[in-house]
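What follows draws every value from the coordinates through simple rules; no lab data is involved. Note that the structure is a prediction, hence the values are computed from the model and not measured. Please note: Cβ atoms are built from the backbone with ideal geometry, for glycine as well, and neighbour counts cover all protein chains shown.
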Amino acid sequence: MEAKTVKNSQTTITELMIPSYANFGGKIHGGILLSIMDKTAYACASKHAGNYCVTVSIENVEFLQPVEVGDLVSFYASVNYVGKSSLVVGMKVVAENVKMGTARHTNSSYFTMVAKGDDNKTAMVPELVLEEEIEVRRFLEALKRKEFSTAFRDRMQDVKSAFSRKDMDLLSEERCVVGFI
Ligand SMILES: CC(C)(COP(=O)(O)OP(=O)(O)OC[C@H]1O[C@@H](n2cnc3c(N)ncnc32)[C@H](O)[C@@H]1OP(=O)(O)O)[C@@H](O)C(=O)NCCC(=O)NCCS
């Protein structure tokens, strides 16, 4: 299987934010943005994999700035990392106000996708050719993110299994009411 460059699968989708995408506050629904992000990640990952891919996890989804109706939003996707059957697609979202000529970087997220073959089993993906220093940096960052996510999942599993009613004391300062004893 021949290695492929990052550039080979880089994908950009640009879409105009139309009124039917808005919530009651007049801003664009987060779910609309997530759906386009997932589609862009899917296109990018599948092109690298040479197979269809499924989304396994999405990290760092934070909508810190609202996107407005009329904004032209671009979704830039690149493969940052490959494992055996998994890939991490880095996604940058930029919203432009075409009349004012301004652009805002609204968020960056990381999609872990897994390639599947015709038998619906996980399929090996090609190695990634890193041609630039920034591509090396992103690959290494993805390795670290993977390590941190695994550690986080393990810690949360410990928290779940260690739950005891005594922990309810920790709620005394929280804004909740325990409705049973
Ligand atoms: C993703 C999926 C194929 C993994 O199946 P699995 O039996 O756990 O397969 P494996 O253990 O062999 O893992 C396959 C790869 O997924 C990665 N993976 C599995 N779970 C993961 C997780 N929670 N986060 C990140 N990567 C994960 C593994 O590290 C492995 O990567 P590698 O091949 O590069 O080493 C399976 O869970 C699946 O099909 N999920 C449904 C995905 C889907 O339909 N998504 C659409 C949204 S509804």
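Remarks
- Selection count where residues are in a helix (DSSP H, G or I) and either touching a strand residue (DSSP E or B) at 6+ places or on another chain (Cβ under 8 Å) or over 15 Å from L72 (Cβ atoms) (or both), scope region 20-41: 13
- Counted residues, region 33-72 - those being touching a residue at least 40 places away in the same chain (Cβ under 8 Å), crowded, with 17+ Cβ neighbours inside 10 Å and within 18 Å of L16 (Cβ to Cβ): 5
- Where I32 falls short, out of the listed (1) within 16 Å of the ligand (Cβ to nearest atom); (2) in contact with a Phe, Trp or Tyr (Cβ under 7 Å, 6 or more places away or on another chain): (1)
- If you go through region 11-32 and keep only what is hydrophobic (A, V, I, L, M, F, W, C) and exposed (fewer than 15 other Cβ atoms within 10 Å of the Cβ), you end up with L16, I18, F24.
- When region 122-156 is limited to residues that are of a type in the set (A, V, I, L, M), assigned to a helix (DSSP H, G or I) and within 13 Å of the ligand (Cβ to nearest atom), the one that is nearest to S9 (Cα to Cα) turns out to be A142.
- The one condition in (1) within 15 Å of the ligand (Cβ to nearest atom); (2) over 30 Å from E127 (Cβ atoms) that E68 fails to fulfil: (1)
- Taken over region 116-146, the criterion of being surrounded by 15 or more Cβ atoms within 10 Å (Cβ to Cβ) and of a type in the set (K, R) is satisfied by K116, R138, R145, K146.
- Residue within region 76-83 that is under 24 Å from the mean Cα position of the chain (by Cα) and in a loop (DSSP other than H, G, I, E, B) present: yes
- Count of residues meeting criterion [among the polar types (S, T, N, Q), within 16 Å of the ligand (Cβ to nearest atom), touching a residue at least 60 places away in the same chain (Cβ under 8 Å) and surrounded by fewer than 23 Cβ atoms within 10 Å (Cβ to Cβ)] in region 73-115: 1
- Answer from V114, V159 - the residue that is among the β-branched types (V, I, T) and assigned to a helix (DSSP H, G or I): V159
- For region 1-58, the set of residues classified as under 27 Å from D119 (Cβ atoms) and of a type in the set (D, E) consists of E2, D38, listed by residue number.
- Residue in region 82-89 that is of a type in the set (S, T, Y) and within 17 Å of K146 (Cβ to Cβ) present: yes
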